[in-house]
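The values are calculated or read from the model by the stated rules, or taken from the named source; none is laboratory data. Predicted model, so just to flag it, every value in this text is computed and none were measured. Here the Cβ positions follow ideal geometry from the backbone for every residue, glycine too, while neighbour counts run over all protein chains shown.
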Amino acid sequence: MIQPDNFCKLFFKEGCDVFISPLSIRFRDPSDPSSSHNRRTRRLWKRKGREDWRRACMSMEAQYIRRHHRHQTSADQCTSVLIEHVRAPVHMVWSLVRRFDQPQRYKPFVSRCTVNGEMGKMGIGSLREVNVKSGLPATTSTERLELLDDEEHILGFKIVGGDHRLRNYSSIMTVHPEVIDGRPGTLVIESFVVDVPEGNTRNETCYFIEALIRCNLKALADISEKMAVQDRIEPGN
């Protein structure tokens, strides 16, 4: 797994004109910033830097997905992966994601959640009963905690009951540090696997679930970014 502080190593090749890192662009001839060499390098960054940065981000995302988001699927199941970039530090985002007992803190379609125990005593196998807001084809969902890793920032759960058609639904959510516009940011990845209900296609099933997850991730980003702004305004709190 590539760590953010080693990001520049993605592009390092002997003889390259430029090193690209999330914090700076370092030119091979720093003693003469006005030289024609560095002017050419700056033009190279303007032309190619953004494309290289996108490819690098995609490379990092692919590594995280290969490491944490592999699902075993059968012929009657579908799976997908969604990504969100959040302009807030990873610890703020994780403080919301890790609360298996309080999904309503950022999930807009959850109205209430009850858990069979306190969060401090919660472990693998803990169950939560989620009440869903009106407008969706369900009112309740029973979900079991499958994985909670505070070091790697991984949350996994499985739906085990409820008045809906999502059978054998499993989800994995991971958060990873990144740098966005020079500030600490977070890459959020959520993947799922689920049975395709009878009478529906894989595309229909994935489209519906992806729409819900996108709403959740957007809300997570909005709330986390507001927390980050507040933290910058009131750093002592």
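Suppose the filter is within 22 Å of residue 152 (Cβ to Cβ), touching a Cys at 6+ places or on another chain (Cβ under 7 Å) and modelled with pLDDT of 95 or more; does residue 89 pass it? In short, no.
Among the conditions (1) of a type outside the set (A, V, I, L, M, F, W, C); (2) without any contact (Cβ under 8 Å) to a residue 40 or more places away in the chain; (3) not in a helix (DSSP H, G or I), the only one that residue 168 does not satisfy is (2). Checking every residue in segment 114-128 against the condition of being under 14 Å from the mean Cα position of the chain (by Cα) and of a type in the set (A, V, I, L, M) gives zero matches.
Of all residues in segment 92-145, those satisfying the criterion of being more than 21 Å from residue 214 (Cβ to Cβ) and either touching a Gly at 6+ places or on another chain (Cβ under 7 Å) or among the hydroxyl-bearing types (Ser, Thr, Tyr) (or both) are 95, 114, 126, 139, 140, 142, 144, 145. For segment 108-130, the set of residues classified as assigned to a strand (DSSP E or B) and crowded, with 16+ Cβ neighbours inside 10 Å consists of 110, 113, 115, 127, 128, 130, listed by residue number. Scanning segment 89-108 for residues that are touching a residue at least 60 places away in the same chain (Cβ under 8 Å) and touching a strand residue (DSSP E or B) at 6+ places or on another chain (Cβ under 6 Å) yields 89, 90, 93, 94, 97. Scanning segment 147-162 finds one or more residues that are surrounded by 15 or more Cβ atoms within 10 Å (Cβ to Cβ), in the same structural domain as residue 227 (by TED's automatic domain parsing) and not in a strand (DSSP E or B).
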